[in-house]
Structures are given as C-alpha cells and as structure tokens.
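The values are calculated or read from the model by the stated rules, or taken from the named source; none is laboratory data. As the structure is a prediction and not an experimental result, all values here were calculated from the model. The protein model used for the area step is the full one, side chains on, heavy atoms only, and it has no ligands, DNA or RNA in it. Shrake-Rupley method; radii C 1.70, N 1.55, O 1.52, S 1.80 Å.
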Amino acid sequence: MEFSTAIQGRTPAGQWPKAVLFDLDGTLVDSIPDIHESLNEAIAGDAGREFSVAEVTGFVGQGVQRLVERAYAALGRSLDVATRDAMVSRFLEVYGPRATRLTRLNAGAQATVERLAANGCLLAVVTNKPGSETREILAHFGIADGMNVVVGGDAGPPKKPEPDLLLLACAELNVQPQDALFVGDSENDVAAARAAGMAVVVLAGGYTSLSLEELAADAALQSLGDLPQVIVMLAAARREAAL
C-alpha cells in the first residue's frame, strides 16, 4: 500500500497515526557542529582545552544543564548549582545567535514533513532544546509552518527521558498517546515514548552510543525518507494484532 493512499484527508476516524512527533537534534537536524563550537567558546576560559566533536556528541541529551554538567565531568570537575547555571546562561548566549550557522537538515526531513502534513498527519517537535532556539531552527529551514505544535525543554514538565513533554504535545494536539508515533534517535527518545505509551521509531546515525538493536524501538530508519513506508508497515501490524 502506498502511503499516499494510507492516509486521506485530515486524520480520519480509525487512522493511525493521527500525529507524528519528532525529536529535533540528531533526528530532524544535525546540530552538533554548532553545539560543539558554542560549548567550546562558552567555557574556553574555564576548561583549559577544547572538546572534540565526538565528546560533545556524547554530552547531548536531557537539555543544556546536562550538557554543561557532562562537559565539566569530562574535565574531572564538579559544579555547584550557581556556577552551573551561570555556564548554562553563557552557553545559551553564545549558541542562540548562531544556532543555524553550521546546523543542517538531515536527509529526507523536509520532504517527509511536507508529505506527512499533506496526507493528514498532525505534526509536532518535542525536544529538550529550549523552545526559542528550536523555533528559530525550524523557521530557518522552512519547516516551522508544517508543525502544529512545538514543545521545548523549557516548557515546564520534566525533560526526556521522562514522558511529560510528549504527553504535553499530545494534549496540545488533542490526540491520545496511543494514536501518535514518536520519531527520535536516542535512548532518551525511546524511553520517553515507552513511558508515554507511544510507538517509537529511531533514525540511524543519531546522537547515541547504542546500536539500533540496543535501542529496541518499534522500527529503525536509515533515512527520514523511509518514514512514510515504515508508518504503513506499523499501521498494518497494528491492524493485524487487533484482529
């Protein structure tokens, strides 16, 4: 079955998924180059050395506070809350104006977002990144208008791997978690989706040290361009399981 015939109109009754939620960093975009340069600039006077791209990739996940905490842990140094918060503010000051300088859309992202929206899926971005930078990145790449909801890590609820941000997005979309699909790239994404009672697929090559098998999502994507056909496969499996 072609995806174009699998979803018709605006989320018809009984159609699954009614909504597709995307993680941002490592899923829709490759943002590590900008995060890497910004982190090194933000703590250059305090770190005594520069972090590699591989190191910074390992720091990403669970928001900016954890990014800074992991960076200092790699230096063998602990942080009190006041110093941590000051370094978080410094990082955001550096990162905000340049959040799209080196960041790139992942292959297939724009076409897939456009195709899902055209075929009736409600769409959202759910990320631990602050909302302002998230919206800036989405607008820069021309996909902001395709998103019905954007939930950033500063929205209030606990960040991923807790399920709360995903549940907030579902509430704002007026869909039940079981009627949504989450697309991510890391163990935090899988854990959050599982805890929310939501199906989840992962994109290969994301910001994690785990293999696709270890992530144990419902399906894996080699490219975001594969998502429409994976949706058809998952929907068919759900229908068969319900018989």
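Dimensions of the stretch 1-160 along the principal axes, based on C-alpha atoms and rounded to the nearest Å, stand at 57, 29, 25, largest first.
A simple rule links phi to the HN-Hα coupling: the Karplus curve 6.51 cos²θ - 1.76 cosθ + 1.60 with θ = phi - 60°, which for the stretch 143-152 gives 10, 5, 5, x, 9, 6, 9, 10, 10, x Hz, with x for Gly and Pro. 3J(HN,Hα) along the stretch 237-243: 5, 5, 5, 5, 5, 7, 6 Hz, from the Karplus curve 6.51 cos²θ - 1.76 cosθ + 1.60 with θ = phi - 60°, whole Hz, x for Gly and Pro. Between the C-alpha center of the stretch 81-126 and that of the stretch 154-189 there is a gap of 16 Å.
Its relative contact order, with pairs defined as Cα atoms under 8 Å and 6+ residues apart, puts the stretch 195-243 at 33 percent. Computed from backbone phi, the HN-Hα couplings of the stretch 157-167 come to x, x, 7, 4, x, 5, x, 4, 5, 5, 5 Hz, rounded to whole numbers (Karplus: 6.51 cos²θ - 1.76 cosθ + 1.60, θ = phi - 60°; Gly and Pro given as x).
Summarising the amide proton neighbourhood of F22: residues at separation of 5 or more, or on other chains, whose placed amide H is nearer than 5 Å comprise A124, V125, V126, V183. Residues whose amide H comes within less than 5 Å of that of K129, counting only those at least five positions distant or on another chain, are G153 (H built at 1.01 Å from N in the peptide plane). For the chain, the carbon plus sulfur part of the accessible surface works out to 50%, probe radius 1.4 Å. In nm, what is the difference between 0.36 nm times the number of residues separating A139 and S78 and their Cα-Cα distance? Separation in residues times 0.36 nm, less the Cα-Cα distance, equals 18.3 nm.
For the chain, the solvent-accessible area of protein heavy atoms averages 43 Å² per residue (probe radius 1.4 Å; ligands and nucleic acids excluded). Ranking T100, T127 by solvent-accessible area of protein heavy atoms (1.4 Å probe, all protein chains present), from largest to smallest, gives T100, T127.
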